[in-house]
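Asker: My structure is below; once you've seen it, I'll send some questions.
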Amino acid sequence: MGTVKENDSAKEKKGDKNKSVLLKIDDLVLGYHDIPILKNISLEIQEGVCICILGPNGTGKTTLLKGLLGLNVPMRGKITWYCDNKPVKPQIGYVPQKEYLDPAYPLTVYEVVLMGTYRGNALSPFISHSQKETALKALEEVSMKDLSSMLFSKCSGGQRQRTLIARALATKPKILVLDEFTMGIDISAQKQLTELLTHLNEKHNISVILVTQDVKAVPGIVKEVLWVHGGSVEHGSVEELLSEEYIDKIYGRE
Amino acid sequence: MEIIIELLLEFKWAVMASVLMGCVLPVFGVYFIMKRMVLMGVALPHVASAGIALAMLIAQRVRLLTLQPGQTPFLNEESLVLLAPIGSFIAIMIVLGIFTVCENRGNSFTEARWGTTYITATALMVILLVMNPYAESHVATMLEGRVITVTSGQLLALFIMGTVVVVIFAISNKGILLTSFDPDMAKSMGFKIINWNITHYLMFGIIISICVMILGPMFVFGYLLLPAFAVRPWIAGMRRFFICSAIVGGISAFIGVVLSLWFNWPLGPTEVLAASVVLIISRIAHLAFRGLNRKRTIVAGS
């Protein structure tokens, strides 16, 4: 329990001179109410990567995610984000699980996306021209501009996910973090979302961190995996950590 | 008709106060509905009432202890007018402070806590009134809220406080909206949830404490809830939601005033009833509208 394993391919990537470090985790312990859930995590992630946090239900994926986002204070250890090789936390565009957002709010798609522009401008009754432009550009990026006046709660699962990605993009992020992004979405919408993430990752050089419990839902764009299980996190390439033998080993252990 | 116009002019301060707060309260009521805090809307006016009753009791006890021969034991009007908002505001702030801490610590059972607050405040208010026979009738009138007796001074107080709170609300609304709709996203963007909750609750506290004292808990709760609830099914967009709730609240209050003068019914309850009727009409019309739309879709499909 509580071990961290970084396999060879992950270590090789650290030596990649073209890519700088995005995230460094040292001896991290995360948990709630003094009960550790994830222990002794140490790893390094390179910039521009698309990584997937995988693991069965209740193993600590959300705990790790909240720790990375700064929503859960570490019990021990350190999480250091880097931006342009400096230890500065870059802007993170967070895409929560869409079911977690209350449909009672009669927000339009446009209003949801506008929220991404509120940072540094929350104490003003007005929406500036640049905020409007940023929101519209983000909507265009995810092909939702035509539906901008539609109620967010009336959108389909795929449309809601696109809206939330647009909102994350409106924060002008260096990293996109998506929690259970395929949950409740049909296969064709999943495919479109994967294409969108590939576009954002490759063309805009936005690093992507996905969280999912569904091994089959890991899109082709993912290059590295963080397996969360039994209180530990294993970091490796897709080829190694998504092999059938490895998956059997993980689920056999549960 | 002429009689109604005459009466409207005679009770112009009451009419203006009703319409003004009929517009202001629903703006705050929007969040009561969205954040599922309706019980808080019931509880806070009663907390304010208990605070008024407690302030009166303390002042009365002090008055009796320092009473000189030949002096009347009753508190004068000025003291009562000064003590009521102080008692009401302090009580609301204490309760909201405790709840903000609980919310920040992630304690659950929010509804049960507000229910407990409501019933405790109501019981306390009755006991405090009984303990204060010198001020009982005066305090009881104040707690009921006599909209019809609103003076120009009270209207001015409502106008100033209402304007201040609405301006603060307009300035801070973006942060309040983000932190209540998606707190995790807000935190990841660097928003401090507790600060926004405090700002939000402070505005509730100010507006409710002053309104309860002048207009009564029934009017306050009625206009926090009913207009926003009537508007909700028709609305797409938060800005429209706030504006339409305010308009519907103002119109409902005015209809209530006219009905009250026409039938000689008590003003506060008639205004609340008018808002309830508007809500019922809105819901029925929405059901009919949806039915019609469904029918059209089926016809178009076939």
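Quick note: the coordinates plus some simple rules give every number you see, no bench work behind them. A quick note: this is a predicted structure, and the numbers were derived from the prediction, not measured. Please note: Cβ atoms are built from the backbone with ideal geometry, for glycine as well, and neighbour counts cover all protein chains shown.
Asker: What is the set of long-range amide H partners of A:ARG76 at a cut-off below 5 Å, with H atoms built 1.01 Å from backbone N?
Answerer: Here A:VAL29 satisfy the definition.
Asker: Oh, and also: Considering just Cα atoms, how many Å³ per residue does the convex hull of the stretch B:2-301 enclose?
Answerer: Output value, Cα hull per residue: 165 Å³.
Asker: Counting partner chain Cβ atoms within 10 Å of every residue's Cβ in B:28-35, what's the average?
Answerer: Whole-number average of other-chain Cβ neighbours for B:28-35 is 2.
Asker: Just to be sure I understand the model, the point goes 7 Å from the Cα along the line to the Cβ. What's the resulting B:GLU78 to B:LYS192 distance in nm?
Answerer: 4.1 nm
Asker: Please list 3J(HN,Hα) in residue order for the stretch A:45-52, calculated via the Karplus relation 6.51 cos²θ - 1.76 cosθ + 1.60 where θ = phi - 60°; whole Hz, with x for glycine and proline.
Answerer: Going residue by residue, I get 10, 8, 5, x, 7, 10, 10, 10 Hz, with x marking Gly and Pro.
Asker: Taking a ≥ b ≥ c as the square roots of the Cα gyration tensor eigenvalues, with a/c under 1.5 meaning rounded and otherwise prolate when a/b beats b/c, else oblate, which class fits the stretch A:91-173?
Answerer: Cα axes put the stretch A:91-173 in the rounded bin.
Asker: When you count, for each residue, the other Cβ atoms within 10 Å and take the mean per peptide, how do A:72-85, A:33-46, A:90-103, B:29-42 rank with the highest first?
Answerer: B:29-42, A:90-103, A:33-46, A:72-85
Asker: Could you state the per residue volume, in Å³, of the convex hull enclosing the Cα atoms of the protein assembly as shown?
Answerer: So the per-residue Cα hull volume is 195 Å³.
Asker: Using only the Cα atoms, work out Rg/Rh for the stretch A:10-133, with Rh taken as the Kirkwood radius, to two decimals.
Answerer: 1.03
Asker: Quick query: amide H of A:ILE53 versus all other amide H atoms, modeled in the peptide plane; which residues come in under 5 Å with a sequence gap of 5 or more or a different chain?
Answerer: So A:ILE53 has HN proximity to A:LEU210, A:VAL211, A:THR212, A:LEU226.
Asker: I need the peptides A:196-207, B:15-26, A:56-67 ranked by packing, meaning the mean over residues of other C-beta atoms within 10 angstrom, with the highest value on top.
Answerer: For the peptides A:196-207, B:15-26, A:56-67, the packing ranking is B:15-26, A:56-67, A:196-207.
Asker: Moving on. Be a star and scan the stretch B:210-227 for residues whose amide nitrogen sits under 17 Å from the point 7 Å along the Cα-to-Cβ vector of B:ARG283.
Answerer: Answer for the stretch B:210-227: B:222-227.
Asker: How many angstrom lie between the Cα centre of the stretch B:186-264 and the Cα centre of the stretch B:8-28?
Answerer: Using only Cα atoms to place each centre, the spacing works out to 13 Å.
Asker: In square nanometres, what is the average projected area of the Cα convex hull of the stretch A:21-73?
Answerer: 3.9 nm²
Asker: Provide the packing ranking of A:121-133, B:109-121, A:229-241, i.e. peptides ordered by the mean count of other C-beta atoms within 10 Å per residue, highest first.
Answerer: A:229-241, B:109-121, A:121-133
Asker: Could you please state, rounded to a whole Å, how far the C-alpha centre of the stretch A:51-93 is from the C-alpha centre of the stretch A:166-216?
Answerer: 17 Å
Asker: Between B:TRP262 and A:ASP146, what is the label-to-label distance in nm when each label sits 7 Å out along the Cα-to-Cβ direction?
Answerer: 4.9 nm
Asker: Can I ask one more? Using Cα pairs under 8 angstrom and six or more residues apart, how large is the relative contact order of chain B, in percent?
Answerer: After rounding, I find 31 percent.
Asker: I've got another one for you. What per residue convex hull volume, in Å³, comes out for the stretch B:180-232 when only alpha-carbon positions are used?
Answerer: With only Cα atoms used, the stretch B:180-232 gives 80 Å³ per residue.
Asker: My understanding is that a pair violates if its Cα-Cα distance is over 30 Å; which of A:LYS66/A:LYS86; A:LYS86/A:LYS145; A:LYS89/A:LYS249; A:LYS66/B:LYS174; A:LYS223/B:LYS174; A:LYS145/A:LYS174 do that in this structure?
Answerer: A:LYS86/A:LYS145; A:LYS89/A:LYS249; A:LYS223/B:LYS174, as the Cα separations exceed 30 Å there.
Asker: Right, another one. Given labels modelled 7 Å from the Cα in the Cβ direction, how far is it in nm from A:GLU245 to A:LYS137?
Answerer: 4.9 nm
Asker: In nm, what is the difference between 0.36 nm times the number of residues separating B:ILE243 and B:ARG290 and their Cα-Cα distance?
Answerer: 14.6 nm
Asker: While we're looking at this one, here's another question. Within 10 Å of each Cβ in A:97-108, how many Cβ atoms from other chains are there, averaged over the peptide?
Answerer: Counting other chains' Cβ atoms within 10 Å and averaging over A:97-108 gives 5.
Asker: Inside 10 Å of the C-beta atoms of B:171-184, what's the mean count of C-beta atoms belonging to other chains?
Answerer: 6
Asker: I'd like the Karplus ³J(HN,Hα) series for the stretch A:146-153: coefficients 6.51, -1.76, 1.60, θ = phi - 60°, whole numbers in Hz, and an x wherever there's a Gly or Pro.
Answerer: Once rounded to whole Hz, the list reads 5, 9, 5, 8, 6, 5, 4, 5.
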